[in-house]
Amino acid sequence: MFKNLSIFAVLFAALVVAGCGGGGDQAEAPAPAQEEAAADTAAEGIVIEANDQLQFSVKEFTVAAGEEVTVTLHNVGTLPKETFGHNFVILTAGADLEAFATEAMGNSANEYLPTDMSNVLAHTALLGPDEEDTITFMAPTEPGEYEFLCTFPGHYGTMRGVMIVE
Ligand code: ZN
């Protein structure tokens with residue numbers, strides 16, 4: 001009698017363990033939702049914020065040579081466009097950023113863009129508080145570093161960065 005009870009207890013324990021194992025397998029989350037989220041992020045492109053502290057939120061980003069690039073500049077500052085506007089201007093390879101900025105800041109009639117645009121790869125409009133502008137352009141086919149800046153007078157010292165083409 002005592003021996004039979006022991007065998008029953010062991011069998012019962014084994015059934016409980018098997019039951020728990022089966023339940024655990026069903027708890028795994030499906031994978032497809034994550035792939036969809038990643039695709040959406042890529043479609044939005046690069047989002048850069050410009051603020052009253054003379055900073056771009058992104059100072060470096062990487063793109064593939066020859067691919068279409070989308071950049072959105074959002075001015076999150078509160079100061080007026082006339083005295084503290086922001087833009088995003090990306091230059092061609094080897095352009096002299098300081099010489100470019102010096103020439104650009106004198107051209108207030110053209111939103112601080114120079115008359116000679118041969119060194120400009122792409123640019124946004126000059127933005128006031130809470131304004132944003134989205135631009136799309138083709139990344140150069142030549143790998144390297146391409147500098148960008150805000151050309152509003154006095155801003156390029158800190159409002160500058162690099163697009164890396166791989
Ligand atoms: Zn600026």
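The values are calculated or read from the model by the stated rules, or taken from the named source; none is laboratory data. None of the values given here were measured: they were computed from a predicted structure. Every residue, glycine as well, gets a Cβ built from its backbone with ideal geometry; the counts of neighbours run over all protein chains shown. These accessible areas exclude ligands, DNA and RNA; they are computed on the full protein's heavy atoms, side chains included. Shrake-Rupley method; radii C 1.70, N 1.55, O 1.52, S 1.80 Å.
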Are any of the residues in segment 148-157 of a type outside the set (S, T, N, Q), more than 16 Å from the ligand (Cβ to nearest atom) and either surrounded by fewer than 16 Cβ atoms within 10 Å (Cβ to Cβ) or more than 19 Å from the chain's Cα centre (by Cα) (or both)? no
Filter pass, Asp116 being in a loop (DSSP other than H, G, I, E, B), without any contact (Cβ under 8 Å) to a residue 60 or more places away in the chain, exposed (fewer than 14 other Cβ atoms within 10 Å of the Cβ) and in contact with a helix residue (DSSP H, G or I) (Cβ under 9 Å, 6 or more places away or on another chain): yes
I'm checking my understanding of the structure. Among residues of segment 56-80 that are out of contact with any strand residue (DSSP E or B) (no Cβ under 7 Å at 6 or more places or on another chain) and open to solvent by 60 Å² or more (accessible area, probe 1.4 Å), which one is farthest from the ligand (Cβ to nearest atom)? Glu67
I'd like to know if segment 131-146 contains one or more residues that are of a type in the set (A, V, I, L, M, F, W, C), touching a Leu at 6+ places or on another chain (Cβ under 8 Å), farther than 23 Å from Lys81 by Cβ and buried (at least 16 other Cβ atoms within 10 Å of the Cβ). no
Odd one out for Ser118, checked against (1) within 16 Å of the ligand (Cβ to nearest atom); (2) farther than 17 Å from Met159 by Cα: (1)
Based on this model, can you work out whether Glu103 counts as within 16 Å of the ligand (Cβ to nearest atom), modelled with pLDDT of 95 or more, within 16 Å of His155 (Cβ to Cβ) and open to solvent by 70 Å² or more (accessible area, probe 1.4 Å)? no
